Structures are given as structure tokens and as C-alpha cells.
Amino acid sequence: MGLPDSSQDLSTEMEVDAFRRIFPLRFFERHLSESLRPDARPLGKARDTIVNPGLVSTADGSALAKIGSTTMLAAIRMEVMTPSTDSPDEGCIALEFHMPPICSPTVRPGRPADAAPVISKRLSDTILSSGMIDLKELCLVSGKAAWMGYLDIYCLNADGALFDAALLSAVAAFSNLEIPVVALNDNGRIVAISGGKDEDNASIIEKKAVNKEKRKLTLKNIPFSLTCILHKKYILADPTTEEESIMDTLVTVVLDSSDQMVSLYKSGGTVLAYSSAVKSCVELARKRAKELKQILGEMDID
Amino acid sequence: MEYVNPEGLRLDGRRFNEMRQIVAEVGVVSKADGSAVFEMGNTKVIAAVYGPREIQNKSLQKKNDHALVLCEYSMAQFSTGDRRRQKFDRRSTELSLVIRQTMEACILTELLPHSQIDIFLQVLQADGGTRSACINAATLALADAGIPMRDLAVSCSAGYLNSTPLLDLNYVEDSAGGTDVTVGILPKLDKVTLLQMDAKLPMETFETVFALASEGCKAIAERIREVLQENTKQLEYRRAA
């Protein structure tokens, strides 16, 4: 970097906030040299994470995940569809990630955010390839009826690490999901049982309910992710928007609950990741997966 | 179908002049200049305000010495009973326009020339009265952003079913086929900024329903004022020194 180090002269005279805006990189490097970040986190530590299930009553399963200020709301609605002929025993999951303009000053109305379709695709690939959901569990009547799960994730506040928060909210929504009870009516079609008038429906539920017992999905190999920033020789876990805008090399590692690597994502950036850097990222991801497993476990108990 | 039983209770146990429970909170979206969550019963709306900031699309600017107010209303895919909804259908566009004009009347746009104020509304759960919840949430978010306003814009809806005027209709009551009157007022100035009605009503009944909705608005205005004052107190404590 051939820029003159003019900040040295001004740094003693300027206010911290102004220095942070005008010389962001130097501001961060000052902190990194002390192994800290401006919000007082050590380099490898992620922000406080909260998961709250069951917030949206109109959905069949939902969860809100917050990592620091980044907030994601995921909700699942189940609809019955005809399965395709090459997989008559399997249902389907359709995932969509939305970044409405409320979440960030950079998202303009009428023009979807650049990051949204990318994260949408990555999430879809990660969830399907991790094998967390057995699509055969979504089958109702082989060849005729199966569940289509529409998972919609809305970013309500975008402050960095969007993929991590979105994945966490999706996983929590799936574990909160309760598949609606349905029955096969006389026309051979699936109808939902609302569960309101018990006297009329009780007999129907006993005789024809196709999935009275299987209401929750069994989730195996739950994926957990961690995004890190590589900058010179530092590795920062769980970046905020400010950090992401200054340092451009992001690495996302996704591990599952049996410590196997599900996916690794590094898309360009000025810093080249040698295998030692990748190994450190995987180590950090492993620690984070343990934390997240515990948080999800606590959520289920409630 | 009976919407008001002989004892005067509605489907959810409320009386004719009872509103649903209101939950209001400011400062929920840290990235926004001002934000608020407003819940009326099961209807949940988040409003975020970005501004005043530089105008992004100069072709939209009509009056040079006034701020440009933009509003976007959108409903989450899971907000209503059936999921399949187009992201920008006609209803969303109409509501965006209506809410924009309501808020524009109330913001002192002449104090912020050459700038843009964006109001974004996201409906997370819809159970009737989303229009009103959005206006109330937008008022809170604008106050949180420190944008100068003439007065708080508050809104409430009322209807007429089973020969009874009913305050704050939920989705079931709204789709019953009776009338739905939405009123938006500026309480201190005692002026009406928004008035929408559908279905037929005799004039006297309309006046009763309108008066009921205005009463509801005044109650919401009280609540909004409390929330804002509490928020200011919190800011004061945090400022300390």
C-alpha cells in the first residue's frame, strides 16, 4: 500500500468516530494488533446468539435467530402437492431468502439486494446436501400426495454474517415444524383437519388420518456454519457489516453435528487462503458448532 | 354467521368498543435511522425509516424545496393464511401510496429540502387492520428517527356487523362482508388525514362508526405517546453524564 501514512498525524487530533469513518482500515488494524475488535470481542469469538422458536402463528413452523444485531425470521408453510414421477416417495423443500428494504440502508426498494439470491442459493444447496431432512418423510401417499415445504427467510436487520444467521434460523424453524394433520377424503384428495370440532372429526381422524403420528421431522446431520474474514495474518470470526465492507475476503465453513464438513465457501478476495488459514477457520467453526448445538438444544427443551 | 352474540361479545371475546392488545416498541432495527414494531392483536408490522438521506433517483423529485417521502409496503409470504402471493400485487402498491400520502401530510418536509425519507413497512403477520398498524408503526419509526412532524399520525379501523358498530376488526370480521372504515387522524390538531370506507352504509350509521374509530385512534395516540416518552427516558439514563 503506497499511501502516505497521513493518518498518523491526524489520529491524535481527530475524534474517534471521525477517524473510524475516514480511515476505517487503520482504525481496525490498530485494534487487531492488540488481538481485539472495536466491540471488544477477541478475534475468534462470535457475537451473542439467541434463537426463539414459534413466533409466527400463521406458519407451521417458525424461528427467529439473532447473531449480535443480525436478525433473521424463518417460517415454513406446508402444502400438499403431487410428487414427481422419478421420485414418487419424496416431498420437496423450496427455500427463499428475502432481504426487504427495512434491513439495511443499502437495499433499495424495487431492486433486490445483490446478496439475496446468492445467499438463497447457498442456503438451499447447504440444507439439501447436508442430508438434514429425509425427503421420504414428507411423503403422504406414494405417487399421489407429498408435502411441499415453503421456507421463507426474511432478514430483518443486516449486520454481517447473514448466511450464518439465516442457516441457524432455517434449522431452528425445521425443528419447530409441526406438520398439519391431514386425511384422505372420499374423492381421494388430501384435506386438512383443523382440529376444531372434535366430535365430528374424531372418527375421521381415527379412520383416515394419514399421518396422525408422524408430526415432527427427524433432523439428522444438522449443519452449523461460521463465516470468517481473512485479513493479512488475522482471522476474524463472525464479522459485522462494517468489518465486511472494509475487508473483503470471506470464508464460510459449514460443519454438521457429527463434525463432518458439509461445505466450504471462499469467493475471491484480496487475501489468498493457504491451507493453514483454512484449517484455523475449520477449527473456529468446530468450536462455534458446539456452541450452536447447545443453543439449539436449549431451545428444543422449552 | 353471528359476529356479536346476544350478550354483546364478539368472536374473540371483546366488546364492541374494545381494541385488541397493542404491543409497541421502538429501536428494533439497529441499521435503520428509526424503527418500530407495532402489534394490534395478531397483526404484526415492522417499520423502518431511513433518512433524511441523499436523493437516490432524481427523476422522482417533484418539489425542490421539500423532502421526498417514499414508502414501500410489503407482506411476508407467511403473513396470511395461504402462502401464494405475488410480492408486489396491486393491494401492496395501493397501500404504499395511501400510507405515503398520510405520512407526507404529517412530516414537515419543508424543513428538509433536497433529501429523501424512506419508510419501509414489512407485515410479518396479517390479521386485519394492517393498514392502521402500518401507519402507527410508521409514526413511531419516524419519531425514533428524529424526523420533525406536525403531529403523530394514528389510525384505527371500525366496522358494522349484526347492527353493531365494532372497533378494530380482525380478519374474520373484516371478511364478513360488512363495512370497514379506516380512519387516520392527527390527534392534537384534531384533523382527519385518512378516511377509507367500503360497502354501503346509511349516513347516521357512518357517523357512529366514524366516531368509534376516532375514539380508537385517540386511545392509540395515548399509547404511542407513552411509548415515546418511555423511550426518551431510557435515552436520558443512558446518556448519563
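The values are calculated or read from the model by the stated rules, or taken from the named source; none is laboratory data. The structure presented is a predicted model; accordingly, all values stated were derived computationally and were not measured. Note that each Cβ is placed from the backbone with ideal geometry, even for glycine, and that neighbours are counted across all protein chains shown.
Are there any pairs with C-beta distances below 7 angstrom linking a residue in region A:73-88 that is more than 12 Å from every other protein chain (Cβ to nearest Cβ) to a residue that is among the aromatic types (F, W, Y), with the two at least 6 apart or on different chains, and if so which?
A:V80/A:W147
Identify, please: which residue in region B:119-150 is in a helix (DSSP H, G or I), within 14 Å of chain A (Cβ to nearest Cβ) and not β-branched (V, I, T) and is, among those, surrounded by the fewest Cβ atoms within 10 Å (Cβ to Cβ)?
Only one residue fits best here, namely B:D144.
Are there any pairs, at least 6 apart or on different chains, whose C-beta atoms fall under 8 Å, with the first in region A:240-259 and surrounded by fewer than 17 Cβ atoms within 10 Å (Cβ to Cβ) and the second assigned to a loop (DSSP other than H, G, I, E, B) and among the hydroxyl-bearing types (S, T, Y), and if so, which?
A:D248/A:T270
Among B:D118, B:D180, which is more than 14 Å from the chain's Cα centre (by Cα) and free of Cβ contacts under 8 Å to residues at least 24 places away in the same chain?
When all the criteria are applied, what remains is B:D180.
Out of B:V192, B:V181, I need the residue that is part of a strand (DSSP E or B), over 29 Å from B:D33 (Cβ atoms) and of a type outside the set (S, T, Y). Which one?
Going through B:V192, B:V181 in turn, the sole match is B:V181.
Could you run through region B:9-26 and say how many residues are farther than 30 Å from A:N157 by Cβ, away from chain A (no Cβ under 14 Å) and aliphatic (A, V, I, L, M)?
Within region B:9-26, residues that are farther than 30 Å from A:N157 by Cβ, away from chain A (no Cβ under 14 Å) and aliphatic (A, V, I, L, M) number 1.
Exactly one of (1) touching a residue at least 12 places away in the same chain (Cβ under 8 Å); (2) more than 14 Å from every other protein chain (Cβ to nearest Cβ); (3) over 19 Å from B:Q122 (Cα atoms) is unmet by A:D114. Its number?
Of the numbered conditions (1) touching a residue at least 12 places away in the same chain (Cβ under 8 Å); (2) more than 14 Å from every other protein chain (Cβ to nearest Cβ); (3) over 19 Å from B:Q122 (Cα atoms), the odd one out for A:D114 is (1).
Sort through A:N157, A:N176 and tell me the only one that's within 14 Å of chain B (Cβ to nearest Cβ), in contact with a helix residue (DSSP H, G or I) (Cβ under 6 Å, 6 or more places away or on another chain) and either modelled with pLDDT of 90 or more or crowded, with 22+ Cβ neighbours inside 10 Å (or both).
A:N157
Every residue in region B:11-46 that is among the small types (G, A, S) and more than 18 Å from the chain's Cα centre (by Cα), please.
Residues satisfying the conditions are B:G13, B:S30, B:A32.
Within region A:264-282, is even one residue under 17 Å from the mean Cα position of the chain (by Cα) and part of a helix (DSSP H, G or I)?
No, because not a single residue in region A:264-282 is under 17 Å from the mean Cα position of the chain (by Cα) and part of a helix (DSSP H, G or I).
Would you confirm whether or not region B:77-97 contains a residue that is within 22 Å of B:G51 (Cα to Cα) and among the acidic types (D, E)?
no
Take the residues in region B:186-241 that are of a type in the set (S, T, N, Q) and in contact with a Ser or Thr (Cβ under 6 Å, 6 or more places away or on another chain), then tell me which one is farthest from B:C106 (Cα to Cα).
B:Q196
Within region B:160-177, identify whether any single residue is out of contact with any Gly (no Cβ under 7 Å at 6 or more places or on another chain), touching a residue at least 40 places away in the same chain (Cβ under 8 Å), assigned to a helix (DSSP H, G or I) and more than 22 Å from B:V227 (Cβ to Cβ), and answer yes or no.
Looking for residues that are out of contact with any Gly (no Cβ under 7 Å at 6 or more places or on another chain), touching a residue at least 40 places away in the same chain (Cβ under 8 Å), assigned to a helix (DSSP H, G or I) and more than 22 Å from B:V227 (Cβ to Cβ), one finds at least one in region B:160-177, hence yes.
For the condition within 14 Å of another protein chain (Cβ to nearest Cβ) and surrounded by fewer than 20 Cβ atoms within 10 Å (Cβ to Cβ), what is the one hit in A:I50, A:I67?
A:I50
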